[in-house]
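Notes to accompany the following structure.
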C-alpha cells in the first residue's frame, strides 16, 4: 500500500470556553479558561500531501480531556462534541489532547499528543493554547547512491522492543512512526545486504536513549577502502532533531460556531416575566456565510417573520426587522479568514418576548460558502414560577427514550422532578431531575413508539404552569427488506413491476456485457421465497470488459459513462429517512474467492482473500444533483484513474450514524447466518434525512477490484430500535 504522509499545520479547534462553577465537593469560586487546540505534523515528506478527508478525520476523532487530581472530569470525542462553554470549579487541571492511533510501529499510522496543566482562578480569565504534535519517535533512512553499485540487495530494519519496520531502497522516502514501550527507549537498526559474490554483509547498532517527538535520520554511506569486503566499508551516521519547527500550513475550515454574549447558548437565557433585556449572539465562521436562518413560530407574536435568512434580506426587509428590534452586523477579516455575525434583540423586543410565561426556542442554521453547516437553538425562557417546563430538543427524542427539559427560575430547597404521561391518560409517572446550573433534565426510557407524551417540571408540589409535549420517533422499516420482489432481466430490478424502487444494483452497468451481477435466488434463503444473490463477475463482451462486484444499495443507478471500451458508473445513494435505528440485522451467506483483479487498488492485492461488505449510514447531506434528480450522495467510479473517482466519504461531517461489517472469509456451512451491525451515532443533536445501505460481494468493487465468483446472499433485513 502506498504511503500517505504529509506535512501541514492543522488548526483543529477554535476557542472553547471553560467557566468555573460551584460543584458540591469544590466550592472555590468562579473563573474562565479560553482553550485553543492545534494538531501539527512537522515531518517533511515528498510522497504526497495530506488529504482533506484525513484532516477532517483527525479533527473529528481527536480526544480532548480535562483532568484533575481525581481523574477525568470532562471528555470529548472530536471537535463537534465540544460545547461553547463548560462549567468548572476553580482549581488545578490538565488539558490532554490525542489524535490518531498508537501502534508499536507503522509507515502509515501517526499518533499525536499534547498535555498542559492550567489553573482556574476565581473571577479571572485564563488563556491556554495547545499544539498537539507528533508523539511518535520518527525514523527516516537515507541510502548513499553508491550502495547500489556495491550490493546486489540491501535493506535496513529498525525496531523497538515491540515493533519492527523494513526500509527498502525502492521506498527510500519511507518514514516510520514508533511508539517506545515504557522503560525501554532503545532503538535498534540492522543492515542486511548481499554482495556481488553472493556473500552476506551485515552491520547493526542502536540508539540507546531515543526520545518521543524526535526525528532520527539514519544515513548509510559507502566509504571506499582497501578492504576486500566490497572494497570499502559502510559508515552510519545518526542525526536527531526535535519535531517542533512548523514547516507548512493548511487551513481547516470549520463549521460555523454559535456563541451567546454573556450567556451560555447551549442552555436557556432565563428572565422573569416582562423583564427581558438586550440579548446578543454571534456566529463565527472560517469562510464567508451564505446563510444564517432563524425559525420560531412565536416570532409572529412579535411582528417578525416566522422564518428568515439574514443573509438574503433586502434593505427594506432589514429595515423592518430593525424597527421591530432585531438588528445584525457582519464583519469578515480577510487576513485571518474569520468572519463574525452579531445578532441583537433589543430591550423592547426582549420585553415583548418575555411578556408571557413560556419559552421561545429559536432554531438557528448557518451555512458558509464551503457548504459547511451547523445548527443551534437559542432558548429564551420567562417565568415567575420556581420552575419552568421547556420543550425537548429534537435530537433527544428517540423511539423509546427521551430527555425532558426544564429551567430553575428561582432558588429552592424543594426536590426537583418531572411528571410525564401519554397524552390523554390520567396517570402521571415521576422521574428525578438532574440540575446543571439552571438547566433541569431527566432521561426517561421505556416509551412507546410513535406516541405523544406530555410532561411538566415540578419543584416540591409546585408544578410549572407550562405543559410541553413530544412524539417519539417511528420505528420505520425498510421496503422489500426480505428481497421478495423482483422483475426484469438484464437488468434485473429489485422491486415489483409497477412498484416503487427503494433498492437498486449495478445490473444497469453489467447489462452491457449481457449479464446481471445481482439476482433473486430461491435455493439459498432464510425466509420467504428468495434472497438477494450478489456475485462478482468479469463482465465482458467479445473478450473486452472489466471486473464488477455484485451489489445492492438504497438509491438508484443513474448512468454509465463510457471511457473507451470501459464504463464508469454514476450512482445516487440514499433514500429519505428520519428515524434512528440502533442496528441493522439480517441474514447472510458469504463465499470469498481469491482476488484476481486489483486494478492497482492500494487496499487489496491479487492473491488475497476477497472481502464482503455491508454498511449502513444515516445522515443529513445537503444533496447533489444529476440529471435533474437530487440525491444525498452521488458516487462516480473511474476505472482508468481510480484516484479521480468520486467515492463515498466515510468521514463526512454530514454522517450522523454509521455501522459496517466486513466478511474477511467465507461464512460457515451452506446456509445463512444472522448478522447484527450496530449503528454508532457521531451526533445525537441532529436527526437524519436519509439512509444509505450498501452491500457488496467485493468490498473494493468501486475500484474494480476483487475475486470473480465471490458471492454474498442477503435476506430479511431489519432495523433494530431501542
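Read-outs throughout are calculated quantities, based only on the coordinates presented, and are distinct from any laboratory measurement. Worth saying up front: this structure is predicted, and the values here are computed from it rather than measured. Glycine gets a Cβ as well: all are built from the backbone with ideal geometry, and neighbour counts include every protein chain shown.
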message: I'd like the distance between the alpha-carbon centres of the range 195-215 and the range 633-670, rounded to an integer number of Å.
response: 40 Å
query: What nm distance separates the two modelled labels at residue 238 and residue 396, each placed 7 Å from Cα along Cα→Cβ?
result: 5.8 nm
query: In what sequence, highest mean first, do 551-563, 597-609 appear when ranked by Cβ atoms within 10 angstrom?
result: 551-563, 597-609
query: Normalised by the residues of the chain, what does the relative contact order come to in percent, with Cα pairs under 8 Å and at least six apart?
result: 9 percent
D (Stokes-Einstein, µm²/s), Kirkwood Cα radius, the range 613-672, 0.890 mPa s at 25 °C: 171 µm²/s
field: Which labelled figure in (1) 188; (2) 265; (3) 216 is volume of the Cα convex hull per residue in Å³, once derived from the coordinates
entry: (3)
Ranked packing of 510-522, 294-306, most packed first, by mean Cβ within 10 Å: 510-522, 294-306
Overall Cα dimensions of the range 349-404, principal axis frame, Å, largest first: 44, 37, 12
statement: Length gained if residue 102 through residue 370 is fully extended, taking 0.36 nm per residue and subtracting the Cα-Cα distance, is 93.2 nm
message: Suppose we keep just the DSSP beta bridges with both residues in the chain; what percent of those would be antiparallel, to 5?
response: 90 percent
- line: In degrees rounded to 10, the 0-90 angle between helix 52-61 Cα long axis and the longest Cα principal axis of the chain is 60 degrees
- line: With R₀ set to 41 angstrom, the calculated FRET efficiency between the beta-carbons of residue 578 and residue 171, to the nearest 0.05, is 0.25
field: Zero-based 10 Å bins, Cα pair distances in the range 503-720, whole percents
entry: 9, 34, 38, 18, 2, 0
- prompt: Highest mean first, what order results for 586-592, 399-405 on Cβ atoms within 10 Å?
  reply: 586-592, 399-405
field: Cubic angstrom per residue, convex hull over Cα atoms of the range 414-462
entry: 86 Å³
- prompt: For residue 561 and residue 273, what is the calculated FRET efficiency with R₀ set at 60 Å and r taken between the beta-carbons, to the nearest 0.05?
  reply: 0.40
query: P(r) tail for the range 603-718, what percent of Cα pairs lie past 18 Å?
result: 60 percent
- prompt: In angstroms, what radius of gyration and Dmax does the range 147-210 have, counting Cα atoms only?
  reply: 13.5, 43
message: What whole-number volume per residue, in cubic angstrom, does the convex hull of the C-alpha atoms of the range 257-471 give?
response: 133 Å³
query: 222 nm [θ] for the chain, helices only, -39500 (n - 2.57) per DSSP H run of 4+, per residue, to 500?
result: -1000 deg cm²/dmol
- prompt: Please state the equivalent ellipsoid semi-axes for the range 345-464: what are the square roots of 5 times the Cα gyration tensor eigenvalues, largest first, in whole Å?
  reply: 26, 22, 13
query: Dividing the convex hull volume of the Cα atoms of the range 675-722 by its residue count, what figure in Å³ per residue is obtained?
result: 126 Å³
task: Could you let me know the centre-to-centre spacing of the range 361-410 and the range 558-576, using Cα atoms, in angstrom?
output: 42 Å
query: Taking the Cα atoms only, what angle lies between the long axis of helix 315-324 and the longest principal axis of the chain, rounded to 10 degrees?
result: 50 degrees
